[in-house]
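Following: one structure in structure tokens, then a few remarks.
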Amino acid sequence: MAYSNARRTLASTLSRALSSSSSGIASRSRTRFAFALSSPKQTLPVPHSFPVRLKSSGSGYSPLNDPSPNWSNRPPKETILLDGCDYEHWLIVMEFPDNPKPSEDEMVNSYVKTLAQVLGSEEEAKKKIYSVSTTTYTGFGALVSEELSYKLKELPGVLWVLPD
């Protein structure tokens, strides 16, 4: 309501100011401009429709969410959701205490020992590690099966195991 009153006041003020100036075509177009400001416009909300896809019925089961995976019901590699992931290269992120913070060599030795716990030997672990980080994040990349990646998740000091 206040908006409408302010609009009318502005329009009438403009109309008086413009009509007192020169006459003719310019005066008429100015009056039309002032009239356009004064005429109340009502806008109605425009209904919008958006396509919606509802969840289809089904069991909701996905082998990707299975808490106890059976390696025979694993989805085929063609359906893997993370493009470029082969589920054989893994990023293992570990956590270390801040005080005292271990040296880089101590962190790398910890990576080898952690992987050796699931592979059986430190020599085999050294062969399977393809990258290490001690600054940006504390972790390593390893070439192991998906089954072994689940075992890595359970080890102390392992924060995350992610497909790489």
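Things worth noting here:
- Karplus (6.51, -1.76, 1.60) ³J(HN,Hα), θ = phi - 60°, over the stretch 134-140, in Hz, Gly and Pro reported as x: 10, 10, 4, 9, 10, x, 8
- The phi-based Karplus calculation (6.51 cos²θ - 1.76 cosθ + 1.60; θ = phi - 60°) puts the 3J(HN,Hα) values of the stretch 111-116 at 4, 4, 5, 5, 5, 4 Hz, whole numbers, x for Gly and Pro.
- In order along the stretch 88-98, the phi-based Karplus estimate (6.51 cos²θ - 1.76 cosθ + 1.60, θ = phi - 60°) of 3J(HN,Hα) comes to 10, 9, 10, 9, 9, 9, 10, 10, 10, x, 7 Hz; Gly and Pro are listed as x.
Values in this text are rule-based calculations from the coordinates and carry no lab data. The shown structure was predicted, so the numbers you read here are calculated from the model rather than taken from an experiment.
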